[in-house]
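The values are calculated or read from the model by the stated rules, or taken from the named source; none is laboratory data. Nothing here was measured: the structure is a model prediction, and the numbers come from that model. In this analysis, Cβ positions are derived from the backbone assuming ideal geometry, glycine residues included, and neighbour counts consider all displayed protein chains. Calculation scope for accessible area: heavy atoms of the full protein, side chains included, ligands and nucleic acids excluded. Shrake-Rupley method; radii C 1.70, N 1.55, O 1.52, S 1.80 Å.
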Amino acid sequence: MIEINRISELKDYLKSEKKKGKTVGFVPTMGFLHEGHLKLVEKAKEGTDITVMSIFVNPLQFGEGEDFEDYPRDHDRDKRLAEAHGVDVLFYPHISEMYPGPMSATLTVHEGTEVLCGASRPGHFDGVATVVMKLFQAVNPDYAYFGMKDAQQVAVIKRMVSDYHMDVRVVPVDIVREEDGLAKSSRNVNLTESEREEAPQIYKTLKEAVTKALSGEFQFSHELESWTRSKLEKRISGKIDYVSVYRFPELTTLSRLEGDVILAVAVFYSGARLIDNQTWRQGEMEGEN
Ligand code: AMP
């Protein structure tokens, strides 16, 4: 594995590899790697010749009072893990490399951001889209791998790629979980012991909700939302940010529960805000007979 810190060096290296006919798979991350990130690497390695991982904690996507400063970072550990899992190029830019001065033009995301994390974190997806666009320019990947844990991010990036006629294929990857069901996240280390203990209830509740939905217990999405919210309120002490059901990936409202659905949850704990979701296809006939 080689580590590159400069955009010009990264571009030169990948250009010469592409000239040899190699395909490039890209895994953008903010580091403090866990098996969720490494699953994206595995998929990139299966699908492409060269796997590029970026590690960059992007200040643009953090709002005021959010955890930019407290976001966990560990360069040496990340480097070891990336290398051990077969990353070919680790792009690890300094903030001054990514943002040498104020940006003269940034992206604003208009669609799919009035809901879920877009509603709770104003400007978050503008920061995400802007940095992903910058990284795509630097890497020029054939495929880019994103985790479904951040399902709204997948939807936003897919739309952006289509809007800008970009040649990259966005590949969504399933959520990787701890043994007790909690979705893996770099932020899990910022939970207190008791928060960590109860946090698997989020997934447990989501799973039960989907099972009920598939067995036809809810006709309308608001029924699914209310059931999930009231169960969660009983099971966890964290403050619920949202429990929402939308059409996925459009992220438009859904009255009758049918078609491609996302049930998504965000919960505030003392040191971390956790998100999780389930996506599934709700057939019209399910639950009947
Ligand atoms: P982050 O470092 O949190 O910005 O995440 C980098 C990428 O890893 C994003 O595409 C995330 O969706 C993905 N990711 C994070 N956690 C998981 C997980 N538990 N399972 C699958 N993908 C994940």
>> Leaving out ligands, DNA and RNA, and with a 1.4 Å probe, what % of the accessible surface on the range 132-289 is carbon or sulfur?
In response: 44 percent
> Using alpha carbons only, how many degrees (0 to 90, rounded to 10) separate the axis of helix 151-163 from the longest principal axis of the chain?
Replying inline: 50 degrees
> Hey, what's the per residue convex hull volume over the C-alpha atoms of the range 189-235, in cubic angstrom?
Replying inline: 72 Å³
> Using just the C-alpha positions of the chain as equal point scatterers, what log10 of I(q)/I(0) does the Debye formula give at each q in 0.15 1/Å?
Replying inline: -1.21
>> In whole Hz and in residue order, list the ³J(HN,Hα) couplings for the range 80-93 that follow from phi through the Karplus curve 6.51 cos²θ - 1.76 cosθ + 1.60, θ = phi - 60°; x for Gly and Pro.
In response: 4, 5, 4, 5, 5, 9, x, 5, 8, 10, 9, 9, 10, x
> So how do Thr48, Thr106 rank on accessible area, 1.4 Å probe, biggest first, that is with the largest at the start?
Replying inline: Thr106, Thr48
> Taking a quarter of the surface of the Cα convex hull of the range 161-240, what do you get in nm²?
Replying inline: 8.1 nm²
>> Students often get this wrong, so check it: of Lys149/Lys234; Lys15/Lys184; Lys204/Lys239, which have C-alpha atoms separated by over 27 Å?
In response: Lys15/Lys184
>> Using all alpha carbons of the range 1-58, what is the percent of pairwise distances in each 10 Å bin, ordered from the shortest bin to the longest?
In response: 22, 52, 25, 1
> Any idea what angle helix 221-235 forms with the longest principal axis of the chain, computed on alpha-carbon atoms, 0 to 90 degrees, nearest 10?
Replying inline: 90 degrees
> In the range 45-102, how does Rg compare with the Kirkwood Rh, expressed as the Rg/Rh ratio over alpha carbon atoms?
Replying inline: 1.04
>> Per residue, how large is the accessible surface of the chain? Use a 1.4 angstrom probe and give square angstrom.
In response: 49 Å²
>> I'd like the accessible area for Thr211: 1.4 Å probe, protein heavy atoms, all chains in place, Å² to the nearest 10.
In response: 90 Å²
> Taking H as built 1.01 Å from N, whose amide H comes closer than 5 Å to the amide H of Tyr242, not counting residues under 5 places away?
Replying inline: Ala266
> Among 1-9, 24-32, how do they line up from the highest to the lowest mean number of other beta-carbon atoms within 10 Å?
Replying inline: 24-32, 1-9
>> Skipping prolines and chain starts, which residues have an amide H placed within reach, meaning under 5 Å, of the one on Gln282, given they are 5 or more residues away or on another chain?
In response: Gly259, Asp260, Val261
